[in-house]
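Derivation of every value follows stated rules applied to the coordinates shown; laboratory data play no part. In this text the structure is predicted, and so the values were computed from the model without any measurement. Please note: Cβ atoms are built from the backbone with ideal geometry, for glycine as well, and neighbour counts cover all protein chains shown.
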Amino acid sequence: MRATAKATFQRIAPAKVQIVLDLIRNKPVDEAMAILKFTPKAACEPLMKLLSSAKANAENNLNMDVASLYISECYVNQGPTLKRIRPRAQGRAFRINKKTSHITIVLEEKED
């Protein structure tokens, strides 16, 4: 059985999220929460909310044992890019791309 949580259209670049996801992949949920709490990256806050949502889904919807949960899959895909213009010298314009992310976390129970 698998518990899934998705966060779509998060306003953070996927490359920044991928760095943090690599830290928590295949870790138990409690250990992953501790890693996210003490890692000084901007992506940690939305990932903590998403991980707690996946944990709640596993506990309440699927009746899984919270103590034996681990992160079996976690990945990020690029969402739509918001294109903005910044004025520059001599009437020119400079394009600013604000990237978005679709983040997915999948939890499974560890089998003894």
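Each Lys or Arg adds one and each Asp or Glu takes one away; over the other residues whose Cβ falls under 13 Å from the Cβ of ILE71, this sums to -1. Remark: region 22-112 carries a charge dipole of roughly 1500 debye about the Cα centre, counting +1 on each Lys and Arg Cβ and -1 on each Asp and Glu Cβ. Between ASN63 and ILE35, what is the spin-label point distance in nm, taking each point 7 Å from the Cα along the Cα→C-beta axis? The two pseudo-label positions are separated by 3.1 nm. Within the shell of other residues whose beta carbon sits under 13 angstrom from the beta carbon of GLU31, the net charge comes to +4, with Lys and Arg scored +1 and Asp and Glu -1.
Does anyone have the angle between helix 44-56 and the longest principal axis of the chain? Alpha-carbon axes, 0 to 90°, nearest 10? Between the helix axis and the principal axis of the chain, the angle is about 30 degrees.
Annotated for region 2-109: lysine pairs at least 8 residues apart or interchain, Cα distance under 15 Å, count 11.
Take every Cα pair under 8 Å whose residues are at least 6 apart in sequence, average their separation, divide by the length of region 2-109, and the relative contact order is 43 percent. An oblate overall shape is assigned to region 1-40, the ratio a/c of its alpha-carbon gyration tensor axes (a ≥ b ≥ c) being 1.5 or greater and a/b not exceeding b/c. Placing dummy labels 7 Å off each Cα toward the beta-carbon, the span from GLN78 to LYS6 is 1.9 nm.
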